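K.L.:
Below is the structure I would like to discuss, written out as structure tokens.
The values are calculated or read from the model by the stated rules, or taken from the named source; none is laboratory data. As the structure is a prediction and not an experimental result, all values here were calculated from the model. Using ideal geometry, Cβ is built from the backbone for each residue, glycine included, and neighbour counts are taken over all protein chains shown. Accessible surface is based on the protein model in full, side chains and every heavy atom, while ligands, DNA and RNA are left aside. Shrake-Rupley method; radii C 1.70, N 1.55, O 1.52, S 1.80 Å.
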Amino acid sequence: MKEQATAHTPEMRQIVVPVYDNRRQIVAALTYEYTPVYRVLEQQVRETLGLVVGVGTLGLLLALGCALYVSRKVSRPIELLSSAALRLSRGERDVSVDLDSRDEIGELAASFNTMSKALQASAADLHLRERAIESSFNAIMIASLTRQGFPIEYVNTAFTRITGYAADETIGKGVNFLVGEDNQQQAFEEIRLALRERREGHAVLRSYRKDGTPFWNEVHVAPVLGEEGEPEHFIAIFNDITEARNDAEQLAHHAQYDALTGLANRSLLTDRLKQAIVAGQRRKDHIMLAFIDLDDFKLVNENLGHAKGDELLKMIAGRLLSCVRASDTVARMSGDKFILLLHSHAVNELTMESHITELVKRVLDNIAQPVDLAGQDVQINCSIGLASYPQDGLEAEALLRNAEAAMYGAKEQGRNGFQFFTSELQERARRQLQLGASLRQALEKNEFELHYQPQVSLRSGKVVGLEVLLRWRHPQQGLIGPGHFIGYAEESGLIIPIGEWVLQQACRQNKAWQDAGLPSVPVAVNVSARQVAQPGLEETVRSALEQSGLAPRYLELELTESISMNDPERSVPLMEAMKAIGVEISIDDFGTGYSNMSYLKRFPIDRLKLDISFVRDITTDPGSLAISDSIITMSHSLHLEVVAEGVESEAQLALLSARGCDIVQGYYFSKPLPADELAQLLREGKCLPIDEMGRPALLILDDDPHLLAYFELLLSTEGYTVFATTSPQHAFELLARHDIGVLLCDQRMPEMNGVDFLSRTRRMYPDTVRIMLSGYDDLNVTRQAINMGAIYKFIEKPVQPDDLRAAVSEAYGRYLNARQLQEA
């Protein structure tokens, strides 16, 4: 039951609860009255539920808002960051997150962007380095230091280019595969040691390409540290230096060896000489320097060309090498100058000089062997100067200087020989050096002058020509002959202006003599090889003649035999040009070289000059006489005159006259004279007396003056013209000067025995009948001489007068009969 509530009392409600007995009969009833609080509670619950719903809705809305906030403020940025990180991890480099928030996520995004930019910069640097390594000209290789055999992990493109091995053929191989079996190189051990010690290393290795060709490999290795600071890899940089090394070796070779001959040059020689001196001081060894200069080599260059000259130099180098031991040094100093550095272990200086003399003679013989150049047999000789350590110098430069001085001394002695150094040679070399320095000024200061030597006809005895000879009037040393300075003038080129001056001055002087009324004779001017080689000689000759007004026929040009014969194809046109001008031409020093007769007949020349070396010994040397006879006979058959130089004795003059020589010049008639003295000689008309030939004479040679006087008295009463002498040398002069029909000669003489004298006489004067006077104990020698044809008969001593008269008469008749047969 329910009681409605009022404003002041709540609603009341009763609850009746029946009480049942066992029979389910209601026996009582319980009544409960209560105020219905549940309504309040319901209301409260309802209110609460409404509140809860509101709050829940609000919470849901708040949650949704929070979720939306989180989604916008957290999840999305995180998603962007995750996406960016994923892109970065995939290799993209230009990755960033654009968030404007300043909260933790914004800071995280900012950090990400910073990291991304750093990675981007680092990647750019890494990519640049990669490209740089790949683009490197040098080969680069990276290998492991922690694995057995140091296997290769990376090679660049240059490695493939240099070695021929591709990267896939190289990766995993040991670092020594490029040296292959050639792994015992000392330089390779340095690389091995550097790798074991985990340090930098450098070496030049002999490596091999894929095709097996070797190359020089300059290798630099360096360790690469891992994250923990320990070496884990190493980098090797290769550089193919084969070409550079070859160039360096060539440069080093050129710096020490002569490019033409392959011999040591001055630099290497000096270095070896200094080392030899140091060793010599320690071991007390002897050292010898041989300074070699080829005689007249410039003529080969000027007449056959420099190519043939170079060819000859290489031949000479080979010949010198064949003369010495492997321990000796052969060097080419310059031009045609060579040096031999010879080591000697001789116990004394005398033994050393004996050994050196034998070697030098062998060198002279080898070099003098003819060589074939441009189809011609060319003979070259040399002069050798010798200086020894320690006698002739304690330093390298002093030894070289003294050896050179000795060489010039050998040249002054006639060339084709050798000379040991002496203090006199040193002083001479010093003076020569001073002369060379002042020679350049001599022409400007007008210190040169000309002397003239007459040339005399053996037919008329008159002066028929003059040879011009140069002299130098030195302000301190007086008058100097050409032998002291012409060599330097030719080498330095000063001979060109000096030669032009000589030519001009000789033409002017000859014209002046003619204008003064003196006999008109040609002047002969020597032309040097340098002048012939220079263009413009024809113009020089024309200019000298035009300026002086001298007629061309009064000028004679003398060319040496070597100039003419070495290059006939050049000398013939030159001679023809000179003949076209109208001058005369002669060949000087004829017989001293290798003359080609087929060319000689083509030369438009007027005369040959018999060299002084033949004239000097013509009265005593059968060879010189035979050569002179041949030259005279050949010249006359070619319609050429013969001029004999250096005639200094009556015997030489008589013999040359008897042999048909045309013209002579020499001190016998006149020495070279200055212009004024020569003019006086011409003005006086000095002539050479020409004797008529008388009947053949008798010559007696015996070293016993008493016996000689007895023979002379005995035979002169028989009507013979008798010449008697105790000297074989004087006997040769008498044979040259007179027509000797019969010759009596003793066998035993101190200067020369009779067999030798008569044998030489037979070769020089085969028509002379020769009788020997001999004792019994010389019988075997005398019989041998008879068998050789050296004597006609012999007479035993003591000589019986009748036997001597009969033998001489028979011999004289034999001589006259032979002459009559020749004349018939």
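K.L.:
Return the distance in nm (one decimal) between the two label points of a simple spin-label model at K314 and R440, each offset 7 Å from Cα along Cα→Cβ.
P.N.:
Those two pseudo-labels are separated by 3.5 nm.
K.L.:
E467 accessible area, nearest 10 Å², 1.4 Å probe?
P.N.:
10
K.L.:
How far apart, in nm, are two points set 7 Å out from the Cα along the Cα-to-Cβ line at A551 and at S267?
P.N.:
6.3
K.L.:
Gain in length, Y710 to R147, computed as 0.36 nm per residue apart minus the alpha-carbon separation, to one decimal in nm? Could the numbers behind the result be given before it?
P.N.:
Values: separation 563, 0.36 × 563 = 202.68 nm, distance 12.01 nm.
Stretched out fully, the Y710 to R147 stretch lengthens by 190.7 nm.
K.L.:
Please find the FRET efficiency linking E228 to Q281, where r is the Cβ-Cβ separation and R0 is fixed at 60 Å, and quote it to the nearest 0.05.
P.N.:
On the way: r = 61 Å, r/R0 = 1.02.
E(calc), rounded to 0.05, equals 0.45.
K.L.:
Quick one: which of 141-151, 761-771, 234-244, 330-340 comes out on top by average Cβ neighbours within 10 Å, and what's the full order, highest first? Working shown, then result.
P.N.:
On the way: 141-151: 15.6, 761-771: 19.6, 234-244: 17.6, 330-340: 21.3.
In descending order of packing, they fall as 330-340, 761-771, 234-244, 141-151.
K.L.:
For region 642-733, which trypsin sites (Lys or Arg not before Pro) pass both filters: DSSP loop (anything but H, G, I, E, B) and at most 15 other C-beta atoms within 10 Å? Provide the component values of the computation, followed by the final result.
P.N.:
Details: sites: R659, R683, K686; in loops: R659, K686.
Within region 642-733, the qualifying trypsin sites (Lys or Arg not before Pro) (loop, at most 15 other Cβ atoms within 10 Å) are K686.
K.L.:
Report the extension gain between N176 and S334 in nm, rounded to one decimal, defined as 0.36 nm multiplied by the number of residues separating them, less their alpha carbon distance.
P.N.:
Numbers: separation 158, 0.36 × 158 = 56.88 nm, distance 4.84 nm.
In short, 52.0 nm is gained.
K.L.:
Which of the pairs K308/K609; K274/K411; K314/K411 have their Cα atoms more than 25 Å apart in this structure? Working shown, then result.
P.N.:
On the way: K308/K609 28 Å; K274/K411 28 Å; K314/K411 23 Å.
Too far apart for the 25 Å limit: K308/K609; K274/K411.
K.L.:
If you count, for each residue, the other Cβ atoms within 10 Å and average over each peptide, how do 416-422, 804-810 line up from highest to lowest?
P.N.:
Ranking the peptides 416-422, 804-810 by packing returns 416-422, 804-810.
K.L.:
Run the quick spin-label model on S327 and Q369: label points 7 Å from Cα toward the beta carbon, then report their separation in nm to one decimal.
P.N.:
Those two pseudo-labels are separated by 2.6 nm.
K.L.:
Using a Cα-Cα cut-off of under 27 Å, which lysines could be cross-linked to K210, ignoring same-chain neighbours fewer than 8 residues away?
P.N.:
K173
K.L.:
Applying 1/(1 + (r/R0)^6) with R0 = 51 Å to the Cβ-Cβ distance of C687 and D803, what FRET efficiency is obtained, to the nearest 0.05?
P.N.:
0.65
K.L.:
If the chain between D168 and Q729 were fully stretched, how many nm would it gain, using 0.36 nm times the residue separation less the Cα-Cα distance? Don't skip to the end; give the middle numbers.
P.N.:
Working: separation 561, 0.36 × 561 = 201.96 nm, distance 9.84 nm.
This chain segment gains 192.1 nm when fully extended.
K.L.:
Compute the FRET efficiency between E650 and K462 as 1/(1 + (r/R0)^6), taking r as their Cβ-Cβ distance and R0 = 22 Å, and round to the nearest 0.05. Provide the component values of the computation, followed by the final result.
P.N.:
Working: r = 18 Å, r/R0 = 0.84.
Result of the calculation: an efficiency of 0.75.
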